[in-house]
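The values are calculated or read from the model by the stated rules, or taken from the named source; none is laboratory data. Only a predicted model underlies this, so the values are computations on that prediction, with no experimental measurement involved. Reconstructed Cβ throughout: ideal geometry from the backbone, glycine too, with neighbour counts over all protein chains shown.
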Amino acid sequence: RQEAEEYYRGHRVPQRLEEALNALFPLRPADLYGQLANYISKFSKAPVMCKLVGRKVLDGLGQPTLEVEIYCTVKNYEKRICSAVMSSHSQIPEDALPETSKADEKERSDSVNTAVEWVNESLNTMLRDLKPTDQCKIDKLLGEYFTKKVEERKEIQKEEGEAAEATVALMPCDPSATTLPGKKKAAKPGKKTSVAEKVLPPAEPVEPVLCGSVAIGGTSLAVAKAGATINCIPLYLHIALLKHNQDSPKEMTLPLPMVTLLNCEKNSPAKLKLVKEVMLIPPVQLSLTQGMERVLDIQKEMMRLLDPPGKVPQALKRISHLGCLTMEYDNLEQPLLLMQRVCNNIGLELGTDMYLAINCAAHELMDYAKGKYEILRGKFKSPDEMVDMYVELINKFPFLIALIDPLRKEVR
């Protein structure tokens, strides 16, 4: 009995109960025990993470990706707080060969499997007993873990490279394959040497993605959602408070929404190859809801134009996997004129009530043999000619306010 008294007094239980009873009596709540529980719960320990669960799931495109679940110890009970799903980084090109697509699918699956293993084993142990509200501390640990994995991968690649060099060194040399130094192939008589041409910068190598790295972003996002859930605030506000050191920002700024309405097939029989997507950008004075409503109005009118009443609907057959219309065009002005017509039909003026952007994806158009971009089937332009073409296009269609990837980044 004496031990129990010391235990409860050490935790100030009698004092807390007396304070609770004194505070609740004047209120005389209908649910006395519920109100008493609420009062006492203010003195409970902050939730801490007790378990992370990673699993392979399918994303909106039916591709495998990672889901991370966060479980916390809340008032001595294990409780599932939230989960987060990360979209895969991999994107298969439109003209990818079957072998390429198959290799990409295997790489994606291997990466997700590795990420699931990281979450269920290493990260589960590393983050146990930490508060999900300690986002900065957790992100630092995740960053250190990722750096460690990158170094491990580099060591493996170095060992594999050394082993490959040793194998090549042991292979017999073919004398016929060697040429004597100092001898050059003679130029044919009468052939003029070509004038030095402007060297085309090579494409940047694809940045390697560490297998399993999606676990880092997935876990960080899940922890952020858990912190927001525990604090009973929206995720965006939780992140804003982290950025402003827990001081509530005076105002929130949202990025402009950009909605893809038309998707132009670059590998279709049509001539136009330059435009990959035509996007709608609502004006800044509209709220997000108002902007999306206006976008939907434009989409409905677009569908009506493409499928006149009384005819069998054809537009629905041209919906891409991202949910936008897939069209074919013969020149660069056609999609812009179509958008102009649609907006005029519903009383909207492009340049005032709505703006446009074009995703050119120019890096997909480069013909390295010619050193030019194939903007139309069989028609090529140099980088300088591309710039002149864009200037002319923007002057003709002033409601076009953004060009995405108009040139390869190596030549910008």
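Worth a mention:
- Of all residues making up the stretch 353-375, the number that are in a strand (DSSP E or B) and either within 24 Å of the chain's Cα centre (by Cα) or of a type outside the set (Val, Ile, Thr) (or both): 11
- One residue from Lys225, Lys192, Lys266, Lys185 being of a type in the set (Lys, Arg) and modelled with pLDDT of 85 or more: Lys225
- Total residues in the stretch 391-406 satisfying the condition of being surrounded by fewer than 18 Cβ atoms within 10 Å (Cβ to Cβ) and closer than 21 Å to Asp330 by Cα: the figure is 9.
- Contacts under 7 angstrom Cβ, first residue in the stretch 82-109 being under 18 Å from Ser213 (Cβ atoms), partner at pLDDT 75 or above and of a type in the set (Lys, Arg), 6 or more apart: Ala84/Lys225; Ser88/Arg108; Ser90/Arg108
- Residue satisfying all of: in the stretch 37-60; of a type outside the set (Val, Ile, Thr) and in a strand (DSSP E or B); farthest from Val13 (Cα to Cα) among these: Leu58
- A count restricted to the stretch 61-80 and to residues that are assigned to a loop (DSSP other than H, G, I, E, B) and in contact with a Pro (Cβ under 9 Å, 6 or more places away or on another chain) stands at 1.
- Condition met for Val112 (modelled with pLDDT under 90 and in a helix (DSSP H, G or I)): no
- Filtering Glu277, Glu293, Glu251 for residues that are outside the structural domain of Leu332 (by TED's automatic domain parsing) and either at pLDDT 80 or above or exposed (fewer than 11 other Cβ atoms within 10 Å of the Cβ) (or both) leaves a single hit, Glu251.
- Scanning the stretch 24-46 for residues that are within 22 Å of Cys72 (Cβ to Cβ) and of a type in the set (Gly, Ala, Ser), we see that the one that is modelled with the highest pLDDT is Ala46.
- Put simply, of Glu117, Glu144, Glu162, Glu152 the only residue that is part of a helix (DSSP H, G or I), more than 30 Å from Ala240 (Cα to Cα), of a type outside the set (Phe, Trp, Tyr) and modelled with pLDDT of 95 or more is Glu117.
- Of all residue pairs spaced 6 or more apart or on separate chains, those with beta-carbon atoms under 9 Å, a first member in the stretch 239-265 that is farther than 30 Å from Pro335 by Cα and a second member that is small (Gly, Ala, Ser) and part of a loop (DSSP other than H, G, I, E, B) are Ala240/Ser248; Leu241/Ser248.
- Pair list, Cβ < 8 Å and 6+ apart or interchain, from the stretch 115-131 residues that are in the same structural domain as Arg55 (by TED's automatic domain parsing) and surrounded by fewer than 23 Cβ atoms within 10 Å (Cβ to Cβ) to residues that are of a type outside the set (A, V, I, L, M) and assigned to a loop (DSSP other than H, G, I, E, B): Glu117/Gly212; Lys131/Pro47
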